[in-house]
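S.K.: Mind having a look at this structure? Questions to follow.
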Amino acid sequence: MAEPGSESDPLLGRARGGSGRDCVGPPACHGVRVGGGAEATEDLCLNQAVVFIEDAIQYRSIYHRMDARSMWFYRWYYSKTYQRILGFAIFLILCLAFIETPSSFTSTSDVRYRAKPWEPPCGLTESVELLCLLVFVADVSVKGYLVGWSQFRKSPWLQAYVTVLVVSLVDWAVSLSLRCSETVRVRRLLRPFFLLQNSSMMKKTLKCVRWTLPEMASVVLLLSLHLCLFTMFGMLLFTGEKDGTDKERLIYFRNLPEALSSLLVLLTTANNPDVMIPAYSKHRAYSIFFIVFTVMGSLFLMNLLTAIIYNQFRGYLMKSLQTSLFRRRLGIRAAFEVLATRAAEGEGCPHPVGVKPEIFLKVLQEIQMAPYLKEAMMKKVHTYGGSLLSADEFQKVFNELDKKVVKEHPPRPEYRSPFLQSAQFFFGHHYFDYLGNLIALGNLVSICVFLVLDADMMPDDRDDFILGILNCVFILYYLLEIPLKVFALGLRGYLSYPSNLFDGFLTLVLLVLEISTLAVYRFPHPGWKPEMHGLLSLWDMARLVNMLIVFRFLRIILNMKLMALVTRTLLDLFRNMQAFAGILVVVYYIFAIVGINLFQGVVVPPAGNSSLASGNGSAPCGSFEQLEYWPNNFDDFAAALITLWNVMVVNNWQVFLEAFRRFAGPWSKLYFVLWWLVSSVIWFNLFLALILENFIHKWDRRNLPQSHPGTLETHYQMTVELMFRDVLEEPEEEELMKKLRHHPHLRLCR
């Protein structure tokens with residue numbers, strides 16, 4: 001689960017100190033002082049180079065112990081096995097919130113119908129939690145050993161890691177001593193920290209958010225003044241009639257807190273035009289007040305806040321990514337200094353001349369990286385022949401890390417018969433794919449037409465004879481399409497296309513459902529009506545699976561330039577959403593736990609089957625009771641997450657504000673307003689910044705000259721680091737050497 005580059009993680013962070021003393025080690029290893037035989041020294045140098053290169057690939061810092069034992073621990077720590085164990089422990093401890101009291105093991109969260117949930121016995125979840133905490137104790141111990149005590153004292157993340165573990169273990173012991181009867185568990189609030197500290201990109205995002213907050217404060221202050229000013233104007237404007245029947249005053253401007261919350265909701269347009277209608281029905285001029293407020297608040301100030309967040313976040317993220325680029329260049333240069341063959345230079349220390357290709361290839365064989373990247377880098381090394389690689393050439397080899405592999409499909413089978421060659425050409429041509437898409441379109445159209453025709457019919461009056469026959473025909477075509485493509489492309493060639501795998505799997509599922517349907521309901525005939533058994537009949541399941549054929553048309557998008565640009569932007573967003581989604585998970589988790597502690601059990605429906613409980617009768621229109629929002633509560637963790645989601649969307653969120661004001665008190669509005677600020681304002685705008693930057697990057701490159709025919713086009717992976725690579729500055733050699741000389745465990749000659 002570890003991600004590239006963290007400025008604060010001690011294993012990934014930048015160390016200070018060390019000295020630039022001349023190297024005194026044997027000639028076989030020029031980067032570090034060692035002892036022992038030449039063979040052991042050479043192995044140590046090769047292992048150091050391997051670790052340096054792996055650090056560069058993952059944007060990690062090289063400032064850690066470099067002796068043989070420490071490097072073994074270091075590589076073991078970042079191995080896939082250990083990282084999967086650590087990731088599973090983080091996932092497991094976060095999921096405990098669904099099982100712990102109050103448990104989410106009920107079929108519904110509606111307080112009117114929810115049965116008493118299963119509650120785990122005391123000690124069950126605590127045992128699982130202890131195992132996870134012990135994994136984290138081992139994790140922080142290994143980190144502390146690798147970075148050393150001096151770096152440990154300088155790392156706020158490591159110190160916070162230890163503090164969170166100590167508090168969690170103490171709280172765990174208190175829970176067992178009280179036999180799990182305590183109402184507040186502090187350690188539940190601290191669990192998201194384990195996810196946060198293990199993700200370097202999340203740390204970058206969090207640091208950028210922290211740096212952006214001061215710039216956001218000015219616009220937030222303007223928004224606050226805007227709200228307060230119009231709230232006072234509204235209180236003076238809607239003073240109410242002498243008989244006290246003014247609806248605007250009674251409903252929305254009854255007192256200062258109510259007026260403030262009404263206009264805050266209007267800022268999100270969630271209660272528009274409801275908040276305006278009572279006054280507008282009395283006089284047209286009252287609409288000016290609400291229109292001016294919405295234009296200034298929603299259109300100007302909120303969008304200005306979006307612009308500030310985008311601009312500031314982009315600037316700070318670029319600084320953070322500049323550090324990641326420096327780490328990669330520093331790790332590569334450190335590997336070069338360790339592996340380089342040196343030549344004498346006067347009476348001073350020998351200077352590096354270059355790296356032998358055979359030594360470089362030997363190091364590449366030991367590096368943990370994607371096989372296709374390793375193969376590409378080895379091919380690049382072979383292009384230099386047997387000459388020594390200079391520092392610049394050594395660096396250029398690692399440009400292959402940013403390139404995306406272009407998958408080559410296996411060669412097609414060769415047929416001697418002219419007829420078979422013609423058939424292979426036809427069935428292997430992209431026009432044959434177009435024919436399949438046209439057939440799939442006819443399949444979808446037939447389903448939609450019969451859905452419209454049968455919409456007003458009772459199930460017993462429907463006749464699915466024609467649709468059943470058509471469905472059999474379409475499935476037969478999909479089934480025939482598979483061997484024809486295998487004939488044209490070969491089995492390996494057919495399986496090399498993900499689209500063919502999807503079509504083949506979908507066809508097999510449809511075939512199984514169709515055979516099962518015919519076995520149960522027989523062959524379609526006039527008056528054919530498959531009966532439903534359970535939630536869905538086999539016939540309905542076949543029609544639902546048939547709708548997945550629509551994904552075949554997504555391939556057509558790639559042939560439309562603008563649509564392909566939008567599609568690639570969306571795909572890249574999914575690949576780079578880990579940090580942003582992780583931040584959202586952390587925020588959701590913390591607010592859900594706080595919400596459970598504050599509002600658990602406050603949503604209680606009226607006793608019996610009263611009109612309020614059923615949503616009819618005396619319940620005011622648009623209220624929590626009338627809308628039957630009873631499943632939205634904080635009685636368990638799963639229900640809390642859904643409630644927070646509904647508030648984040650800000651549709652009808654004024655209903656939640658009013659309901660929890662009545663259920664829990666007026667202070668509850670602070671909780672929901674803070675959640676709106678964090679989720680809908682800050683996180684949403686961060687997500688918008690990522691979308692804009694990704695799309696603008698692709699839009700600016702859409703008209704770049706294409707490669708000449710016959711030349712191999714270079715494709716680059718779209719990662720967050722590469723998104724800003726064009727505007728990042730390459731570090732100078734002097735700066736790299738200065739940092740290398742300050743490495744506490746590496747002493748260079750220069």
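S.K.: For the range 372-390, state whether one or more residues are over 27 Å from N500 (Cα atoms) and in contact (Cβ under 8 Å) with a residue 60 or more places away in the chain.
M.R.: no
S.K.: Looking at (1) closer than 30 Å to A259 by Cβ; (2) of a type in the set (D, E, K, R); (3) open to solvent by less than 40 Å² (accessible area, probe 1.4 Å), which one does R284 not meet, given that it meets all the others?
M.R.: Checking R284 against (1) closer than 30 Å to A259 by Cβ; (2) of a type in the set (D, E, K, R); (3) open to solvent by less than 40 Å² (accessible area, probe 1.4 Å), the one that fails is (3).
S.K.: Separate question: Given the conditions (1) modelled with pLDDT under 65; (2) open to solvent by 20 Å² or more (accessible area, probe 1.4 Å); (3) not acidic (D, E), and given that L748 satisfies all but one, which numbered condition is not satisfied?
M.R.: (2)
S.K.: Select from the range 413-446 the residues that are of a type in the set (D, E, K, R) and exposed (fewer than 15 other Cβ atoms within 10 Å of the Cβ) and list them in ascending order.
M.R.: The first filter runs over the range 413-446 and keeps only residues of a type in the set (D, E, K, R), leaving 414, 416, 433.
Within the range 413-446, E414, R416 meet the criteria.
S.K.: Among the listed residues N609, N652, identify the single one that is open to solvent by 50 Å² or more (accessible area, probe 1.4 Å), of a type outside the set (A, V, I, L, M, F, W, C) and either under 30 Å from V220 (Cβ atoms) or modelled with pLDDT under 90 (or both). Working first, answer last.
M.R.: On the way: N652 fails: open to solvent by 50 Å² or more (accessible area, probe 1.4 Å).
The unique qualifying residue is N609.
S.K.: Tell me the residue from V219, V170, V184 that is open to solvent by less than 70 Å² (accessible area, probe 1.4 Å) and either part of a helix (DSSP H, G or I) or in contact (Cβ under 8 Å) with a residue 12 or more places away in the chain (or both), please.
M.R.: Exactly one residue qualifies, and that residue is V219.
S.K.: Restricting to helices (runs of 4 or more DSSP H) lying wholly in the range 460-526: which have 1 or more residues that are under 18 Å from S446 (Cα atoms) and open to solvent by 40 Å² or more (accessible area, probe 1.4 Å)? Give the steps one after another, and end with the answer.
M.R.: Details: elements: 465-489, 491-495, 498-521.
Of the helices (runs of 4 or more DSSP H) lying wholly inside the range 460-526, those with at least 1 residues that are under 18 Å from S446 (Cα atoms) and open to solvent by 40 Å² or more (accessible area, probe 1.4 Å) span 465-489.
S.K.: Continuing with the same structure: Looking at the range 619-649, which of its residues are within 16 Å of V111 (Cα to Cα), of a type in the set (S, T, N, Q) and open to solvent by 40 Å² or more (accessible area, probe 1.4 Å)?
M.R.: Q626
S.K.: Let me ask something else. Please count how many residues of the range 262-279 are of a type in the set (S, T, Y) and open to solvent by less than 20 Å² (accessible area, probe 1.4 Å).
M.R.: 1
S.K.: Continuing with this model, one more query. Report, ordered by the first and then the second residue, all pairs with beta carbons closer than 8 Å, sequence separation of six or more or different chains, a first member in the range 441-461 that is without any contact (Cβ under 8 Å) to a residue 60 or more places away in the chain and within 25 Å of I549 (Cα to Cα), and a second member that is basic (K, R) and open to solvent by less than 80 Å² (accessible area, probe 1.4 Å).
M.R.: D454/R462
S.K.: While we're here: Looking at the range 236-247, is at least one residue touching a residue at least 60 places away in the same chain (Cβ under 8 Å), over 30 Å from A307 (Cα atoms) and open to solvent by 20 Å² or more (accessible area, probe 1.4 Å)? Give the steps one after another, and end with the answer.
M.R.: The first filter runs over the range 236-247 and keeps only residues touching a residue at least 60 places away in the same chain (Cβ under 8 Å), leaving none.
Checking the range 236-247: not a single residue is touching a residue at least 60 places away in the same chain (Cβ under 8 Å), over 30 Å from A307 (Cα atoms) and open to solvent by 20 Å² or more (accessible area, probe 1.4 Å).
S.K.: Any chance you could count how many residues in the range 144-197 are of a type outside the set (S, T, Y), under 19 Å from Y63 (Cβ atoms) and within 31 Å of the chain's Cα centre (by Cα)? Let's see the steps before the verdict.
M.R.: Keep residues of the range 144-197 that are of a type outside the set (S, T, Y), which gives 144, 146-149, 151-154, 156-160, 162, 164-167, 169-174, 176, 178-180, 182, 184-197.
Imposing the further condition that a residue be under 19 Å from Y63 (Cβ atoms) reduces the set to 144, 146-149, 151-154, 156-159, 197.
Those left that are additionally within 31 Å of the chain's Cα centre (by Cα): 144, 146-147, 151-152, 154, 156-159, 197.
Residues meeting the conditions: 11.
S.K.: Let me ask another. Of everything in the range 352-373 that's part of a helix (DSSP H, G or I) and surrounded by fewer than 16 Cβ atoms within 10 Å (Cβ to Cβ), which residue is modelled with the lowest pLDDT?
M.R.: Y372
S.K.: If a residue must be out of contact with any Gly (no Cβ under 7 Å at 6 or more places or on another chain) and over 30 Å from V353 (Cα atoms), how many such residues does the range 380-436 contain? Steps first, answer last, please.
M.R.: Narrowing the range 380-436 to residues out of contact with any Gly (no Cβ under 7 Å at 6 or more places or on another chain): 380-387, 391-408, 411, 414-436.
Restricting the remaining residues to those that are over 30 Å from V353 (Cα atoms) gives 404-408, 411, 414-436.
Residues in the range 380-436 being out of contact with any Gly (no Cβ under 7 Å at 6 or more places or on another chain) and over 30 Å from V353 (Cα atoms): 29 in total.
S.K.: Any idea how many residues of the range 252-265 are in a loop (DSSP other than H, G, I, E, B) and free of Cβ contacts under 8 Å to residues at least 12 places away in the same chain? So that I can check it myself, show each step before the final result.
M.R.: Kept after step one, since they are in a loop (DSSP other than H, G, I, E, B), are these residues of the range 252-265: 252-255.
Subset that is free of Cβ contacts under 8 Å to residues at least 12 places away in the same chain: 254-255.
Residues meeting the conditions: 2.
S.K.: Tell me, which helices (runs of 4 or more DSSP H) lie completely within the range 669-745 with 2 or more residues that are surrounded by 17 or more Cβ atoms within 10 Å (Cβ to Cβ) and at pLDDT 85 or above?
M.R.: Values: elements: 684-701, 720-723, 733-741.
Counting at least 2 such residues, we get 733-741.
S.K.: So which of S141, S150, S127, S109 is polar (S, T, N, Q), open to solvent by 20 Å² or more (accessible area, probe 1.4 Å) and at pLDDT below 85? Give the steps one after another, and end with the answer.
M.R.: On the way: S141 fails: at pLDDT below 85; S127 fails: at pLDDT below 85; S109 fails: at pLDDT below 85.
Answer to the selection: S150.
S.K.: When you check M71 against the structure, is it touching a His at 6+ places or on another chain (Cβ under 7 Å) and of a type outside the set (V, I, T), yes or no?
M.R.: no
S.K.: Now, a different point. Determine, yes or no, whether T231 is open to solvent by 60 Å² or more (accessible area, probe 1.4 Å), out of contact with any Ser or Thr (no Cβ under 6 Å at 6 or more places or on another chain) and polar (S, T, N, Q).
M.R.: So T231 fails the test.
S.K.: What are the residue pairs meeting all of these: first residue in the range 266-286, first residue under 14 Å from W676 (Cβ atoms), second residue among the hydrophobic types (A, V, I, L, M, F, W, C) and outside any helix (DSSP H, G or I), Cβ atoms under 9 Å, and 6 or more apart or on different chains?
M.R.: Cβ pairs passing all conditions: L266/V275; L266/M276; T268/V650; T269/V650; A270/V650.
The values are calculated or read from the model by the stated rules, or taken from the named source; none is laboratory data. Treat the numbers as computed from the prediction; the structure is a model and nothing was measured. Cβ sites come from the backbone with ideal geometry, for glycine too, and all protein chains shown count toward neighbours. In case anyone asks, the SASA skips ligands and DNA or RNA and just uses the protein heavy atoms, side chains included. Shrake-Rupley method; radii C 1.70, N 1.55, O 1.52, S 1.80 Å.
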